[in-house]
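The values are calculated or read from the model by the stated rules, or taken from the named source; none is laboratory data. Since the model is a prediction, treat every value here as computed from it, not as a measurement. Please note: Cβ atoms are built from the backbone with ideal geometry, for glycine as well, and neighbour counts cover all protein chains shown.
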Amino acid sequence: MQDSTLQATQSEASVSRIETWAPLFGLVAIDIILVVWALHSIFVTEMRAKGHRITITTVFTTSNMLLLGIVLTGAATTLSRAFYEMSHRTSAIGLTFNVLFLGLSEMIYLFYSWLRGKEILRVQSSSRVYKLFKYLLCSTIVFCSLPVIVTFFEKSVLVELLFILSEVVVGCCVISLEIYFPIATYFTYVK
C-alpha cells in the first residue's frame, strides 16, 4: 500500500527524475576527457610534429584556442543543462547559462569553420560571395546572442518566435558554410 501523504506532496512533475539529468553528467565526463585530449594534442602531439618548443606563441594559436573553446563550451552547455534538469526545469539561471554556452559553442564553431575554409572560399569564389559569407559570419554574432537576451523576457509568442528564428538563422549559417566549403574544395583540388 502506498503512502497517500507522500503522493500528495510529490507529484511526478515536481520530482527531478534521474533519467533526465544523470546521462548529462556522463556526457560532462566525456567532455572532460575531450578537454584533456585537446590539451595533450596541443601541448605534446602538435609541438613534436612541428618541432617547436612550447611557447605562448606556438600554443595559443587561433585554431588551438577555437578548438579548445568548442570543447569547453560544449562541456559547459551540457553541465548547465544538467543543472537545469535537476532544478525541475525551473532554474532561470540554469536555462540562461545553457542557452549562453550553446550560443557561444555555435559561434566558436562557425569561426573555426571560417578559419579553416576562408582561403578556399577566397580562391574558389568571387569577391561578392566571399564578402557575403563574411557578412553572414559577422551577423551570426547577433543571432547567437539573441537567445540569451530573450531568456530575460517574460514568455510570449514574440519571444518564442525570436528564439526559434535565431536558432534557425544560426543553423542555416552553419549548414551553408559546411556545404559550400567541401564543394569548393572539390572543385579546387579534384577538378
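Any chance the stretch 153-161 includes a residue that's among the charged types (D, E, K, R), in contact (Cβ under 8 Å) with a residue 12 or more places away in the chain, outside the structural domain of Thr62 (by TED's automatic domain parsing) and on the phi < 0 side of the Ramachandran plot?
Checked against the condition, which is being among the charged types (D, E, K, R), in contact (Cβ under 8 Å) with a residue 12 or more places away in the chain, outside the structural domain of Thr62 (by TED's automatic domain parsing) and on the phi < 0 side of the Ramachandran plot, the stretch 153-161 yields no hits at all.
Does Ser80 satisfy the condition of being in contact with a Ser or Thr (Cβ under 9 Å, 6 or more places away or on another chain), at pLDDT 70 or above and among the hydroxyl-bearing types (Ser, Thr, Tyr)?
yes
Among the helices (runs of 4 or more DSSP H) lying completely within the stretch 25-104, list those that include at least 2 residues that are charged (D, E, K, R) and crowded, with 16+ Cβ neighbours inside 10 Å.
Counting at least 2 such residues, we get 62-86.
Does the stretch 85-98 include one or more residues that are under 20 Å from Leu67 (Cα atoms) and either assigned by TED's automatic domain parsing to the domain that holds Thr20 or modelled with pLDDT of 85 or more (or both)?
Checked against the condition, which is being under 20 Å from Leu67 (Cα atoms) and either assigned by TED's automatic domain parsing to the domain that holds Thr20 or modelled with pLDDT of 85 or more (or both), the stretch 85-98 yields at least one hit.
Which one of Glu167, Glu160, Glu119, Glu154 is closer than 22 Å to Met65 by Cβ and among the acidic types (Asp, Glu)?
Exactly one of Glu167, Glu160, Glu119, Glu154 is closer than 22 Å to Met65 by Cβ and among the acidic types (Asp, Glu), namely Glu119.
Only one residue in Ser125, Ser176, Ser105 is within 20 Å of Gly69 (Cβ to Cβ) and touching a residue at least 12 places away in the same chain (Cβ under 8 Å), so which one is that?
Criteria check complete, one pass: Ser105.
Hey, among Leu72, Leu104, Leu67, Leu79, which residue is in the same structural domain as Glu167 (by TED's automatic domain parsing), out of contact with any Lys or Arg (no Cβ under 7 Å at 6 or more places or on another chain) and among the aliphatic types (A, V, I, L, M)?
From the options Leu72, Leu104, Leu67, Leu79, the qualifying one is Leu104.
Considering only residues that are surrounded by 15 or more Cβ atoms within 10 Å (Cβ to Cβ) and of a type in the set (S, T, N, Q), look in the stretch 148-184 and name the one that is nearest to Gly103 (Cα to Cα).
Once the filter is applied, the top-ranked residue is Ser166.
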